[in-house]
1. With the dipole of the chain worked out from charges on the C-beta (+1 for Lys and Arg, -1 for Asp and Glu) around the Cα centre, which of 157, 221, 240 lies farthest toward the positive end?
2. Report ³J(HN,Hα) in whole Hz for each residue of the range 257-265, in order, from the Karplus equation J = 6.51 cos²θ - 1.76 cosθ + 1.60 where θ = phi - 60°; Gly and Pro get x.
3. Taking the Cα centre of the range 272-367 as the origin and placing charges on Cβ (Lys, Arg +1; Asp, Glu -1), which of 302, 276, 336 is farthest toward the positive end of the dipole?
4. Run the dipole for the range 105-237 about the Cα centre, Lys and Arg Cβ at +1, Asp and Glu Cβ at -1, nothing else charged, and hand back the magnitude in debye, nearest 20.
5. Keeping every protein chain in place, order 278, 149 by accessible area at 1.4 Å, biggest value first, i.e. largest first.
6. Which shape class, rounded, prolate or oblate, goes with the range 125-363 when its Cα gyration tensor gives a ≥ b ≥ c as root eigenvalues, a/c under 1.5 marks rounded, and past that a/b bigger than b/c marks prolate?
7. Heavy atoms of the protein only, probe of 1.4 Å, neighbouring chains included. What is the accessible area of residue 330 in Å², nearest 10?
8. List the Cys residues of the chain that have no partner Cys with a C-beta closer than 4.7 Å.
Amino acid sequence: MSGPNTDYDPVEVTALQAEQVTAMRDEALAAFAAAGDLAELKQARLDHAGDRSPLALANREIGALPPQARKEAGQRVGQARGAVSKALADRTAVLEAEAEERMLVEETVDVTLPVVRRPRGARHPLTLMSEYIADLFVAMGWEVAEGPVLEAEWLNFDALNLGPDHPARTMQDTFWTEPADDHLVLRTHTSPVQARTMLERTPPIYVICPGRVFRTDPFDATHSPMFHQVEGLVVDEGITMAHLKGSLDHFAARMFGEGITTRFRPSYFPFTEPSAEVDMVCFVCRGEVGAVDECRTCKGEGWIEWGGCGVVNPRVLAACGIDADRYRGFAFGMGIDRSFMFRSGAGDMRALFEGDVRFASAFGTDW
Ligand code: DAH
């Protein structure tokens, strides 16, 4: 049998001795004071005020003491812990204020400083328009075809039924290149891409070919020795002029607005038979009575000349290795620069090629 534990001396619980508790408190206060920023203070808090800190561990011993000793030790530890949490709160407030001040200084923006103006560039409107055109045909399942700008004379002319003596061969003011024996030209139109495509692919062929072309024209308000065309070519069984008309009506509506349709005027191109000039309804006055006479865009015509087209001449099909008895095709060609000019209202063709970024910025976001 054991009696009450009268000779239990609380002083023997080392952690609860007054000097020990004071030392723990002072260490905690010193650690908080030494913490230079909130991260260091967090570590000091875990070490000295956390669940496993010396004071917290000492606190756990209290319960085992007899009542009187428990009261004394409780007060001692309680005061020490109170001092520790106050010191912690004070130091936290100081370090937070410092951090905020530092942030205000470091992240200051001087709104009065002059800015470096970096003007925004813009893609060239003709590039955007070419991509827009290609996209609208790709959306119908066509493919984009390309050819070189330095082109074989045979593909630029002969394959398209423009034989050596054909008047159109000299009418298209061609840039010939040296040496003449190479028989290369700067392509005068995008139509050689038709010939290339037919030589490379087998029908059904549905291609759209935007690109640069060259002619020995002056550089003035309405001409440029380099400009852009877009060529369309379809070769399939049972193709008729109606397919051509439908495709061009769709093209015109997507380029110039719903309701803008096309009309054909008989014409002649060696590579198409029959051939036609394509006009489209003037997208400004729409040919409406009352508006058309005043219209400056179509000059009172109600129609705007847009390009050339036709049913692919069977001689061209044959020259490019396509069975002309089985397949029929249609083709068309338009000036992209021209389309851009009347759509944008730009009056001088030189603006398109002078490279002034202000021109691109003004129109480069439109498409
Ligand atoms: N290549 C012709 C030109 O530059 C335009 C053209 C007309 C293209 C009729 C065609 C077409 O595909 O069928 O003037």
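1. Farthest towards the positive pole: 240.
2. Per-residue couplings from phi come out as x, 3, x, 7, 10, 10, 9, 9, 10 Hz.
3. Result: 336.
4. The calculation lands at about 360 debye.
5. Sorted by accessible area, descending: 149, 278.
6. Taking the square roots of the gyration eigenvalues as a ≥ b ≥ c, the range 125-363 is oblate.
7. Number for this one is 0 Å².
8. 209, 309, 320
The values are calculated or read from the model by the stated rules, or taken from the named source; none is laboratory data. Worth saying up front: this structure is predicted, and the values here are computed from it rather than measured. Here the Cβ is made from the backbone with ideal geometry for all residues, glycine too, and neighbour counts use every protein chain on show. Ligands, DNA and RNA are stripped out before the accessible areas are found, and what is left, the full protein with its side chains, is counted by its heavy atoms. Shrake-Rupley method; radii C 1.70, N 1.55, O 1.52, S 1.80 Å.
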